[in-house]
Every structure is written in structure tokens, then in C-alpha cells.
Amino acid sequence: MQYKLLIVDDDKTLVKMLDNNFTIKNYDVRSVAIGEEASEFNKQKYFFLKRQK
């Protein structure tokens, strides 16, 4: 089973590092910089989104 992971952050360096690390571990990774793009994935039922405070 391949896990799906959505990374949302405005720090491009952090996003790239996390994306690379999880891809190596065989995760299906999508990365976006802003919340509106993450919401689009949620509309497509691709991910279950949980907002952190």
C-alpha cells in the first residue's frame, strides 16, 4: 500500500526536503505552497486535510 502525503508550506526549501525524503520512502507526495491549492486537492477527494493551529 502506498501512502499519500500532501505537504503545504511556504518555505520552498523545507517542502523540497520533505518531498524528497518521503518520495524515497515510497510515499505518493504532492507539494503546494498555499492553502488554496491544498483545498483543490481536498475537493478532488485525493486527501483528507487536517488544519494545524
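Mind checking the range 14-44 for trypsin sites (Lys or Arg not before Pro) that DSSP puts in a loop (not H, G, I, E or B) and that have at most 16 other Cβ atoms within 10 Å?
In loop regions of the range 14-44 (DSSP not H, G, I, E or B), the sparsely surrounded trypsin sites (Lys or Arg not before Pro) are LYS25.
Tell me, what HN-Hα J-couplings in whole Hz come from the Karplus equation 6.51 cos²θ - 1.76 cosθ + 1.60 at θ = phi - 60° for each residue of the range 9-22, using x for Gly and Pro?
Using θ = phi - 60°, the values come out as 6, 8, 8, 4, 5, 5, 4, 5, 5, 5, 4, 4, 5, 6 Hz.
Taking 0.36 nm per residue of separation and subtracting the Cα-Cα distance, what length does fully extending ASN26 through LYS43 add?
3.7 nm
FYI, it's all coordinate maths here, none of it is from the lab. A quick note: this is a predicted structure, and the numbers were derived from the prediction, not measured. Note: ideal-geometry Cβ built from the backbone for every residue, glycine included; neighbour counts use all protein chains shown.
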